[in-house]
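Worksheet for the structure shown next.
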Amino acid sequence: QVQLVESGGGLVQAGGSLRLSCAASGSIASINNMGWYRQAPGKQRELVALITNGGSTDYADSVKGRFTISRDNAKNTVDLQMSSLKPEDTAVYYCYALLKLSGGTYLKNYWGQGTQVTVSS
């Protein structure tokens, strides 16, 4: 019913930049929050950044000043611009959206399949 498709991951040297994109499609009535989580090997999944449908943002302390999240409500997309990347940013990055299906009553989280970001030192 709903798909979140990510793109933009890859391999980059420390200090470099990458831009992740995610598009939500399907029988969507409305989207509240959108954002990005990441999971490094052997670690728990953690919130990287989120953005509300009103444009308010929140970031993990570890990425503040380096990452910028943005969204296009008309296109149901969310992007993550990552700059000054560090080896510790290496992880699988997952897009998520808190949304309501067409004809639905409740909000629910949906997840993308994940995209690998590798930062070499």
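The values are calculated or read from the model by the stated rules, or taken from the named source; none is laboratory data. All values derive from a computational prediction rather than experimental measurement. With ideal geometry, Cβ positions are generated from the backbone for all residues, glycine too; neighbour counts draw on all protein chains shown. The area values use the complete protein model at the heavy-atom level, side chains included, leaving out ligands, DNA and RNA. Shrake-Rupley method; radii C 1.70, N 1.55, O 1.52, S 1.80 Å.
Just a few scattered comments:
- Yes/no for residue 106 being open to solvent by 40 Å² or more (accessible area, probe 1.4 Å), among the aromatic types (Phe, Trp, Tyr) and over 15 Å from the mean Cα position of the chain (by Cα): yes
- Test: residue in segment 89-97 that is surrounded by fewer than 16 Cβ atoms within 10 Å (Cβ to Cβ) and of a type outside the set (Ser, Thr, Tyr): no
- Subset of segment 63-74 that is open to solvent by 70 Å² or more (accessible area, probe 1.4 Å) and free of Cβ contacts under 8 Å to residues at least 40 places away in the same chain - its residue that is nearest to residue 21 (Cα to Cα): 68
- Checked against the criterion of being surrounded by 14 or more Cβ atoms within 10 Å (Cβ to Cβ) and out of contact with any Ser or Thr (no Cβ under 7 Å at 6 or more places or on another chain), the candidates 60, 49 yield just one match: 60.
- Sole exception among (1) more than 19 Å from residue 120 (Cβ to Cβ); (2) open to solvent by 40 Å² or more (accessible area, probe 1.4 Å); (3) among the hydroxyl-bearing types (Ser, Thr, Tyr) for residue 77, by number: (2)
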